[in-house]
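Comments concern the structure below.
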Amino acid sequence: MLNAMQRLFPNPVTSLSVADAYGVSRSRIAVGNGATRPTIGMCMVASIDGSTVVRGNSRALGSPGDLAVLLGLRALADVIIVGSSTVTIDDYGPPSKPGLRVGVVTRSAKIDASKPLFTSGAGFLITTETATTPPGVDCIRAGTTEIDLVHATSQLQGNFAQLEGGPTLNAAMLAADLVDEINVTISANMVGGNGPRLTNGAPDVLQRYQLAHVCEEDGFLFLRYTR
């Protein structure tokens, strides 16, 4: 497991922990009518040529450093937001951080409630008001036929929510103007193919982010952008 990386920008240092690199102050954001939501940070890995998957998932793109960043950000997060397909493909279990919960976004609410993610109580659903949900699984409901992501995220607790994909959910969050921070690992791999980008199927948007840091370990780049 990675203990340190080097920071290239700003203020270069040769050894920096993940906690020091990413452990900044985050707060809730107003969304109107007195409601607030957590700061939402997307966490993804992409190849040099822009793909987020190879042979069906992202595992081969990662590195010990990438895993350390993912786990380090989870340690800082109050809640995880992730799409149901990603939960299935990557076989999500309960997070190692005590009390950290995983909101699984699914319009159909067709999930396997016998999986440890849900039997542990860590997993809950983010779904529509009309979806039929498995008994015993906690839910956040917003929207009728489509999930109202703005309303749904305003029901989340804490200051920092980590968005872990997949690309289709990322696209919907971007379209709803709900991506405040982007923590992306540029893998030291080319993969070819026609794999999805960080956001897949999003409408055309032009949202400017500011580069907050560039770190490096073993040829992998760790970029953090904020608004």
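The values are calculated or read from the model by the stated rules, or taken from the named source; none is laboratory data. This structure is a prediction, so every number in the text was calculated from the model and none was measured. Here the Cβ is made from the backbone with ideal geometry for all residues, glycine too, and neighbour counts use every protein chain on show.
Between 158, 195, 219, the distinction of being modelled with pLDDT under 95 and not aromatic (Phe, Trp, Tyr) belongs to 195 only.
Of all residues in region 158-173, those that are of a type in the set (A, V, I, L, M) and touching a strand residue (DSSP E or B) at 6+ places or on another chain (Cβ under 7 Å) total 4.
Among the residues of region 79-99, write down those that are closer than 20 Å to residue 17 by Cα and either without any contact (Cβ under 8 Å) to a residue 12 or more places away in the chain or in contact with a Leu (Cβ under 8 Å, 6 or more places away or on another chain) (or both).
The initial filter retains those residues of region 79-99 that are closer than 20 Å to residue 17 by Cα, namely 96-97.
96 - this is the single residue of region 79-99 that is closer than 20 Å to residue 17 by Cα and either without any contact (Cβ under 8 Å) to a residue 12 or more places away in the chain or in contact with a Leu (Cβ under 8 Å, 6 or more places away or on another chain) (or both).
Which strands (runs of 3 or more DSSP E) sit wholly inside region 64-139 and have at least 3 residues that are surrounded by 18 or more Cβ atoms within 10 Å (Cβ to Cβ) and within 13 Å of the chain's Cα centre (by Cα)?
Numbers: elements: 79-83, 101-105, 123-127.
Here the list reads 79-83, 101-105.
All conditions but one from (1) assigned to a strand (DSSP E or B); (2) at pLDDT below 95; (3) among the β-branched types (Val, Ile, Thr) apply to residue 182; the one that does not is (2). Among the residues of region 201-227, those that are over 18 Å from residue 23 (Cβ atoms), crowded, with 16+ Cβ neighbours inside 10 Å and touching a helix residue (DSSP H, G or I) at 6+ places or on another chain (Cβ under 7 Å) comprise 202, 220.
Taking the numbered list (1) of a type in the set (S, T, N, Q); (2) surrounded by 16 or more Cβ atoms within 10 Å (Cβ to Cβ); (3) assigned to a loop (DSSP other than H, G, I, E, B) in turn, residue 168 passes all entries but (3). Among the charged types (D, E, K, R), surrounded by 15 or more Cβ atoms within 10 Å (Cβ to Cβ) and in contact with a Cys (Cβ under 7 Å, 6 or more places away or on another chain), is that true of residue 181? The answer is no for residue 181.
Just wondering, is there one or more residues in region 204-227 that are closer than 16 Å to residue 31 by Cβ, charged (D, E, K, R) and in contact with a Ser or Thr (Cβ under 9 Å, 6 or more places away or on another chain)? Checked region 204-227: no residue is closer than 16 Å to residue 31 by Cβ, charged (D, E, K, R) and in contact with a Ser or Thr (Cβ under 9 Å, 6 or more places away or on another chain).
Look at region 1-36 and say how many of its residues are of a type outside the set (A, V, I, L, M), assigned to a strand (DSSP E or B), touching a residue at least 12 places away in the same chain (Cβ under 8 Å) and closer than 21 Å to residue 66 by Cβ.
Keep residues of region 1-36 that are of a type outside the set (A, V, I, L, M), which gives 3, 6-7, 9-12, 14-15, 17, 20, 22-23, 25-28, 32-34, 36.
If we keep only those that are assigned to a strand (DSSP E or B) too, we end up with 6-7, 9, 14-15, 32, 36.
Pick out the ones that are also touching a residue at least 12 places away in the same chain (Cβ under 8 Å) and you get 6-7, 9, 36.
Narrowing the set further to residues that are closer than 21 Å to residue 66 by Cβ leaves 6-7, 9.
Here the count works out to 3.
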